[in-house]
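The values are calculated or read from the model by the stated rules, or taken from the named source; none is laboratory data. Everything quoted here is computed from the prediction, not taken from an experiment. Cβ: placed from backbone, ideal geometry, glycine included. Neighbour counts: every protein chain shown.
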Amino acid sequence: MKLNLCVLNCAPSISRCGLWGICLLLMCGAGLKAEETKSTNAVRAFLENNCYDCHQGESADAGLDLEKLSFDLGKGNQLDRWVRIYDRVESGEMPPADYGELAPSEKADFLATTHKGVVEFQEKLHAKYGRVRGRRLTRKQIERSLQDLFAIDIPLLNYLPEEAKTEGFTTVAAGQGMSHFQVAAHLNTVDTALDEAFRRALSPADQYEKDFDAQGVARTNPKRRCREPEMREGKAVIWSSGLIYYGRMPATTAPADGWYQFAVTVSGLKLPKTGGVWSTVRSGPCVSTAPLLSEVTTFEAMQQPKTVEFVAWLPRGHMLEIRPGDGTLKKGRFAGGQVGVGEGEDQDLAGLAFERVTMKRIHQNGDDKQVRQYLFGDLKVEPSKDKKKPWKVISENPRQDADKLLLAFAHRAFRRPVTSREIEPYVAEVHQALDNDADLVDALRLGYRALLCSPRFLYFTEEPGPLDDYEIATRVSYLLTGSMPDAELSKLAAAGKLRDREILKGEVRRLLERDRGEQFLRDLAAEWLDLDQIDFTEPDAKLYRGFDPIVERSMLAETEAFLQAMLTENLSVSHLIDSDFTYLNSRLARYYEIDGVEGDELRRVKVPPKSHRGGLLTQGAIMKVTANGTTTSPVVRGVWVSERLLGVDVPPPPSNVPAVEPDIRGAKTIREQLAKHRSQGECASCHTKIDPAGFALENFDPSGRWRDNYLATNGRKVSKGQPIDASYELSSGQRFKNIKGFQKIVTGQPQRLAANVAEKLLVYGTGATIEFADRDEVEQIAQLAAAEDYGFRTIIEEVVASPLFLSK
């Protein structure tokens, strides 16, 4: 090859364009005058010899005309095109096998040159701007940061607008905007948090505690037909029914917004043959003008009384609704939409009997003393004779105290030490308020509000290059807790110890212990696995009988408990694809047709082979979020599995290619439709990657159950349709007959699974998508995890300790 001479001659212009090593700049109009022939340009020669036959002129395949391809990587989508060309050549997809065998040395030279040019172009941009730019807190992170800043616990998410996802995550800076509407919502959220903090600090303590016997939660007038429990043999009873709000308890109405701790003693009546009476707890106004209810928890009531404990957020005026919720139970019929005493007794219905209900208002994120400490430091807070302001703050020097408190608050809100000079504008505003006869409390509130509207609170303040210790503390904390650094992490940052790999890994382990680890997994799975979309659709009740909210909540809990086991035990990421255990309660086990599981607590269960379960891949929650409630699509599931679990990037389909919709009438199978679809040249290359995983999962219906046949529908009649064929062939040529065969093949490549998990964590934790130049470091993380059998916790630790995570 004569590539080296070409590179030397073109070096100055190539360097300016950022494509060191790619001699095709001769074609990009950059002004190069060097006399070069096609034979001396290795990259051009490669494309001419192997690609131009199909990718040239107006009829170029897939619309890719390589003659018109620009080699200025900063122009339009040229960088993405070059990466796709590299990937197609590297994987062996291009040139096609039937085009002829490609000389190994020719391929290697092309890949090496292209790789070098793209990497150096991106690294130059990273050095100047950083991998991530302008990243702000998400709505969830704003909520938790405000809660931790003030030791308050009121929900704040509903004050902030929903956020779009980029590559599955709301944390990606490229997908984050800041409109006038969002600014206004942020101000409103800050005001709400401040109102609650000052109320807690300067009002009498919140105290509310009630203890009800059965009569206390039953209907007050036995002769009135209504939807409250009725008295039966000394217990308050609710029967199985489809009536909305049947089981509401006005006695539990919240006197004020707050978190309430409940203990409900219940037993089951007329238990079904399947076990106990599975029931739901929901909350809301429970009136027809406000039909929506919030899910709280579920439980199984048996013949012997048991006490169920839970915590629920109840806005003022909201109450509990507790009722049998198992969709397989016989439902009672009651005329007029109301229930009279005794009307359910003779219908042979399962029921729920209440003996006692206790209710107590609590605070979950610190007591009132802690709130006062965060707001007023060491200043004394004493009772006042002013009825409008029952508590007052004692200060002998309001200006000096305000300066001190604002500086301490800014240190916490900005997540790093700040100087008095840095917050002079905020202090000046507070001083002006004090000069205008505002009391210290009102002036401080003004100052805190201004600090919380600063970009230094709302945005991650980072400079291109390696992060400093405070930036590391912030990035680690928001990845693992969704909030600002705690005292221990901040102490290590102040000591400059967070660039020590072992100390940093130790902090990861500490922050993932117990409840915080569970919260991290819920946050991660909600976005990575789309579990926040689990109730977006509802399986057709006529087609998929037995699915109900209890099953759905159990599926969600199964996946979260499974991930927790992977984290706690540092299990290999191959468990995402296949495993010999899962977590079930009696209701979900019955739904999966797995015997021998009793009780409403999730427990670890060894899955029998006949259940077809194994690994996160086959769990009901995953099957549900990858279906639309009526049908399944191998394409939709295949794309989801490829992108979320296997690490296979799937480009969007061409705009002129219609979607393939399954035909549930059985007139034509989805396999036949996709075979025709793939016959279009521009479709085949992607479908060879995504279809295998989709077909491997075709035996799971939209509700997460196993099926051997599709459903055939004719009007209202539903019958058994065509048998399901889950066999397929991977792009590598490996064939499988069913889901087990697919799992066996995929688990044989644990490093690819590990690299994918690392990619997702990096995107989620840094706010930047993985670029071409990042790939080698991602693979390095996976290789480091190999020493611990690609353990899930090990991958998290290696991600946090990686150069990609520790730099902007």
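So the values come out like this:
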| quantity | calculated |
| --- | --- |
| Within the stretch 159-203, tally of residues that are of a type in the set (Gly, Ala, Ser) and closer than 19 Å to Leu762 by Cα | 5 |
| Strands (runs of 3 or more DSSP E) contained in the stretch 196-245 and holding at least 2 residues touching a strand residue (DSSP E or B) at 6+ places or on another chain (Cβ under 9 Å), in contact (Cβ under 8 Å) with a residue 12 or more places away in the chain and surrounded by fewer than 20 Cβ atoms within 10 Å (Cβ to Cβ) | 209-213, 230-232 |
| Candidate set from the stretch 282-307 (those that are of a type in the set (Val, Ile, Thr) and not in a loop (DSSP other than H, G, I, E, B)); member that is farthest from Leu556 (Cα to Cα) | Val287 |
| Residue in the stretch 108-141 that is nearest to Glu462 (Cα to Cα), counting only those that are of a type in the set (Lys, Arg) and crowded, with 19+ Cβ neighbours inside 10 Å | Arg135 |
| Test: Gly614 is in contact with a Phe, Trp or Tyr (Cβ under 9 Å, 6 or more places away or on another chain), part of a loop (DSSP other than H, G, I, E, B) and of a type in the set (Gly, Ala, Ser) | yes |
| Exclusive hit being in contact (Cβ under 8 Å) with a residue 40 or more places away in the chain, acidic (Asp, Glu), more than 29 Å from Ser807 (Cβ to Cβ) and buried (at least 19 other Cβ atoms within 10 Å of the Cβ), set Glu527, Glu593, Glu552 | Glu552 |
| Number of positions in the stretch 404-420 that are surrounded by 17 or more Cβ atoms within 10 Å (Cβ to Cβ) and more than 13 Å from Leu379 (Cα to Cα) | 10 |
| Check on Ala185, in contact with a helix residue (DSSP H, G or I) (Cβ under 8 Å, 6 or more places away or on another chain), surrounded by 16 or more Cβ atoms within 10 Å (Cβ to Cβ), among the hydrophobic types (A, V, I, L, M, F, W, C) and touching a residue at least 12 places away in the same chain (Cβ under 8 Å) | yes |
| Condition met for Ile142 (out of contact with any helix residue (DSSP H, G or I) (no Cβ under 6 Å at 6 or more places or on another chain), at pLDDT 85 or above and under 30 Å from Gln261 (Cβ atoms)) | yes |
| Residue among Gly276, Gly268, Gly317, Gly325 that is modelled with pLDDT of 95 or more and touching a Phe, Trp or Tyr at 6+ places or on another chain (Cβ under 7 Å) | Gly325 |
| Any hit, the stretch 173-190, residues being over 25 Å from the mean Cα position of the chain (by Cα), among the aliphatic types (A, V, I, L, M) and either on the phi < 0 side of the Ramachandran plot or part of a helix (DSSP H, G or I) (or both) | yes |
| Residue that is surrounded by the most Cβ atoms within 10 Å (Cβ to Cβ) [pool: residues in the stretch 760-802 that are of a type in the set (S, T, N, Q) and touching a residue at least 40 places away in the same chain (Cβ under 8 Å)] | Thr766 |
| Positions within the stretch 605-615 being on the phi < 0 side of the Ramachandran plot and more than 24 Å from the chain's Cα centre (by Cα), in sequence order | Val605, Lys606, Val607, Pro608, Pro609, Lys610, Ser611 |
| Residue count for the stretch 68-106, restricted to those that are not basic (Lys, Arg) and not in a helix (DSSP H, G or I) | 17 |
| Test for Ser279: is it assigned to a strand (DSSP E or B) and touching a residue at least 40 places away in the same chain (Cβ under 8 Å) | yes |
| Every residue from the stretch 712-738 that is under 16 Å from Thr632 (Cα atoms) and of a type in the set (A, V, I, L, M) | Ala712, Ile724, Ala726 |
| Some residue of the stretch 545-565 being at positive phi and not polar (S, T, N, Q) | yes |
| Sole residue being basic (Lys, Arg) and modelled with pLDDT under 95, chosen from Lys330, Lys389 | Lys389 |
| Residue check for Phe562: aromatic (Phe, Trp, Tyr) and not in a loop (DSSP other than H, G, I, E, B) | yes |
| Helices (runs of 4 or more DSSP H) wholly inside the stretch 442-524 containing at least 2 residues that are at pLDDT 95 or above, farther than 30 Å from Ile394 by Cα and among the β-branched types (Val, Ile, Thr) | 469-480, 501-511 |
| Members of the stretch 310-323 found to be in contact with a strand residue (DSSP E or B) (Cβ under 6 Å, 6 or more places away or on another chain) and in a loop (DSSP other than H, G, I, E, B), listed by number | His318 |
